[in-house]
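What follows is a single structure, written as structure tokens, with notes after it.
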Amino acid sequence: QVQLVESGGGLVEAGGSLRLSCVASRSMLSIAFMAWHRQASGKKRELVAAAISGGSTNYADSVEGRFTISRDNAKNTVYLQMNSLKPEDTAVYYCYANGYMGVSWGQGTQVTVSS
């Protein structure tokens, strides 16, 4: 497995921006699929955005056009740029990796958007 450490969460007003970072403990060249999920209080964990090693990305409909996922393989880091944040984006955000070593999750970082 790979260890994942997230950072960048916090409290922001609606309409604001945050950038989450997730640093992997090993080369991301060996990790085909990296993603961000989120889980709001009382709700199921959901996929927010995914980045495939070939360069393609996918987004949940609820964040399309506002969030951007990117990978920096040289820094073993995946980012989630979140713009135009809404109160309904409030959740714990988790980094996720799926490669030949299996599936790994980060510990999560809280994002709170005030109205």
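The values are calculated or read from the model by the stated rules, or taken from the named source; none is laboratory data. What you are looking at is a predicted structure, and each value in this text was computed from that prediction instead of being measured. Positions of Cβ are backbone-derived with ideal geometry, glycine not excepted, and every protein chain shown enters the neighbour counts. Areas reflect the complete protein model, heavy atoms only, side chains present, ligands, DNA and RNA absent. Shrake-Rupley method; radii C 1.70, N 1.55, O 1.52, S 1.80 Å.
So the values come out like this:
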item	result
Single match in 114, 70 (criterion: farther than 23 Å from residue 1 by Cα, at pLDDT 95 or above and open to solvent by 10 Å² or more (accessible area, probe 1.4 Å))	114
Filtered residue count, the range 68-115, keeping only those that are within 20 Å of residue 31 (Cβ to Cβ) and either touching a Cys at 6+ places or on another chain (Cβ under 7 Å) or of a type outside the set (A, V, I, L, M) (or both)	25
Candidate set: the range 30-55, residues that are open to solvent by 50 Å² or more (accessible area, probe 1.4 Å) and over 19 Å from residue 74 (Cα atoms); chosen: the one farthest from the chain's Cα centre (by Cα)	42
Neighbours by Cβ (under 6 Å, 6+ apart or cross-chain): first from the range 63-81, of a type outside the set (S, T, N, Q); second assigned to a loop (DSSP other than H, G, I, E, B)	66/83; 66/84
Answer residue from the range 73-100, given it is surrounded by fewer than 18 Cβ atoms within 10 Å (Cβ to Cβ) and in contact with a helix residue (DSSP H, G or I) (Cβ under 7 Å, 6 or more places away or on another chain) and is modelled with the lowest pLDDT among those	100
Residues of the range 48-79 classified as part of a strand (DSSP E or B) and farther than 18 Å from residue 107 by Cβ, total	13
Residue match in the range 86-96 (condition: in contact with an Asp or Glu (Cβ under 8 Å, 6 or more places away or on another chain), at negative phi and outside any strand (DSSP E or B))	no
Selection status of residue 64, open to solvent by 70 Å² or more (accessible area, probe 1.4 Å), modelled with pLDDT of 95 or more, of a type outside the set (A, V, I, L, M, F, W, C) and within 15 Å of the chain's Cα centre (by Cα)	yes
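Residues are listed down the side, and each one gets a yes or a no for (1) modelled with pLDDT of 95 or more; (2) in contact with a Ser or Thr (Cβ under 9 Å, 6 or more places away or on another chain); (3) under 16 Å from residue 67 (Cα atoms):
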position: 4; (1), (2), (3): yes, yes, no
position: 11; (1), (2), (3): yes, yes, no
position: 18; (1), (2), (3): yes, no, yes
position: 21; (1), (2), (3): yes, yes, yes
position: 27; (1), (2), (3): no, no, no
position: 33; (1), (2), (3): no, yes, no
position: 36; (1), (2), (3): yes, no, yes
position: 47; (1), (2), (3): yes, no, yes
